[in-house]
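Have a look at the structure below, then the notes.
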Amino acid sequence: MRTKVKKQTWMDSIYKVKEKWAECFMRDAFTLGMRSTQLSESLNNDLKNHLKSDLDINRFFHHFERAVKVKRDTEINSEYESRKSLPRIKIPTPMLQQVSSLYTPAIFEAFQTEYGRSMAASAHMLPGDNEYMVKIGRLIDGQYATFEEEYKIVGDNHQQTASCSCGKFERVGILCAHALKVLDLMNIKLLPAHYILKRWTREARS
Ligand SMILES: [Zn+2]
């Protein structure tokens with residue numbers, strides 16, 4: 001697209017910061033799965049409530065600061081509220097019970113989602129060294145069908161590891177549904193300590 005235009009355009013400036021908005025450049029970025037524009041869109045939305053186009057610059061900043069303060073207060077309150085309560089465990093398995101009191105509530109929710117997805121996974125073992133292909137399925141017209149991309153997982157029972165080619169753990173810091181499926185196939189029923197990142201624990205946040 002860029003090569004079709006001779007002049008310098010806004011595209012040149014936005015291309016320079018591509019790591020901040022283009023998903024293909026964000027694979028190694030630590031985003032907890034949040035898309036880049038989500039945060040600014042939500043702030044834009046909040047600001048709209050405070051702004052009218054005829055504001056002068058002083059009044060603009062006055063309103064802007066007020067909007068930011070409201071956002072910060074909401075964040076502090078919800079953080080406080082969530083710390084008081086224990087998260088809701090949807091299926092009382094040893095692994096979910098184990099991590100529910102370790103992870104912060106938001107991280108636990110994200111983990112629990114992956115855990116649920118792992119139950120919809122189908123796996124087959126490749127000939128050789130504990131390698132599996134795993135695909136997540138869904139109920140479609142009353143039939144179980146796999147439809148998501150298939151990933152390769154290398155399991156190691158001795159080291160208690162399951163490394164998945166989707167790279168979610170490296171990117172987000174919680175184990176993906178594919179790796180959780182393989183841990184279960186290896187009869188590993190508790191989350192190994194090396195998969196519980198300290199920065200996602202209640203202990204680190206308190
Ligand atoms: Zn995966």
Exercise. In whole percent, what relative contact order does the range 94-205 give with Cα contacts below 8 Å and a gap of six or more residues?
Worked result: 29 percent
Seminar exercise, completed: Checking the range 116-206 for chymotrypsin sites (Phe, Trp or Tyr not before Pro) in a loop per DSSP with at most 13 other beta-carbon atoms within 10 Å yields Phe147
Exercise. To the nearest 20 debye, what is the magnitude of the charge dipole of the range 94-205 about its Cα centre, counting +1 on the Cβ of each Lys and Arg and -1 on the Cβ of each Asp and Glu?
Worked result: 400 debye
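Rule-based calculations on the coordinates, nothing more; no lab input. Note that this is a predicted model, so its numbers are computed, not measured. All Cβ positions, even for glycine, are placed from backbone atoms using ideal geometry, and neighbour counts span all protein chains on display.
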